[in-house]
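What follows is a set of notes on a single structure, which appears directly below.
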Amino acid sequence: MSDALPYTATNGGPVLLLTAEHAPEWGQGPLDGGFGSHRDYDRACEPNDLVYTEYGGTAWVEVGDGIGLILAGQCHTQWLALSATEGVLYREGSPDITEARVREQLARVESWKPYKKALALASGHFFLLDAAFSGAATLEAFEDGAIAIEGRLDPGVYQVLVGALGGIDLIRLVPA
């Protein structure tokens, strides 16, 4: 049995973090001549307030009455809950990342930049997936190729902090 954390990946576009409450609203619009399979994917590829990082970047997109967090750049992305109220999205480009690796690299980040948008997690439940795929209400309901994973934190509003470390992006969620 592998110690590797579950991951999501894409076929070229961004990774998307969607709250469980807003996930079913993603990808329901028709294709309007843009990049992907639905209108929302086009919006994910041209997000709001993109902050570039060494590996890609962080941005946001409206989803219903909330936001989705965009992680720009094609990259394997793992989620690790550090506690009930704190977690980290880890982006290094490998599917074989362990919790020990994430914690080791997390300790090496010298500075964290606050992102301009906070993330409201009403239920604390969220999904990470390839933005080209439609969202769903449960992990089992996602399309086969979506490579969706789920995460949980206590319900609340979370500040998004961005850190980078030699080609590794870390996005930390902490109570706002």
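Taken together, the values in this text are just the output of simple stated rules run on the coordinates, not laboratory data. Since this is a predicted model, take the numbers as computed values, not measurements. In this analysis, Cβ positions are derived from the backbone assuming ideal geometry, glycine residues included, and neighbour counts consider all displayed protein chains.
Just a few scattered comments:
- About its Cα centre, the stretch 1-152 has a charge dipole of approximately 420 debye under the convention of +1 per Lys or Arg Cβ and -1 per Asp or Glu Cβ, with nothing else charged.
- Prolate/oblate/rounded call for the stretch 73-176, Cα gyration tensor, a/c under 1.5 rounded: oblate
- Other residues within the sphere of radius under 9 Å centred on the Cβ of Y55, judged by their own Cβ, net out at -2 (K and R +1, D and E -1).
- Dipole magnitude of the stretch 62-176 about its Cα centre (Cβ charges: Lys, Arg +1; Asp, Glu -1), debye to nearest 20: 520
- Percent RCO, i.e. relative contact order, over the chain, from Cα pairs under 8 Å lying at least 6 residues apart: 30
- Overall form of the stretch 116-176 per C-alpha gyration tensor (a/c, 1.5; a/b vs b/c): oblate
- Placed amide H near K117: partners under 5 Å, 5+ positions off or other chain: none
- Under 5 Å from the amide H of G56 lies no amide H of any residue 5 or more positions distant or on a separate chain, with H modelled from the backbone and absent for Pro and chain starts.
- Summarising the amide proton neighbourhood of G93: residues at separation of 5 or more, or on other chains, whose placed amide H is nearer than 5 Å comprise H76.
- Helical runs (DSSP H, four residues minimum) scored at -39500 (n - 2.57) apiece and divided by the length of the chain put the mean residue ellipticity at 222 nm at -2500 deg cm²/dmol.
- The chain: C-alpha gyration tensor shape, a/c 1.5 cut-off, then a/b vs b/c: rounded
- The length gained on full extension between E54 and A122, counted as 0.36 nm times the residue separation minus their Cα-Cα distance, comes to 21.4 nm.
- Gaussian network model of the chain, springs between alpha carbon atoms under 10 Å - residue of A137, A72, A148 with greatest fluctuation: A137
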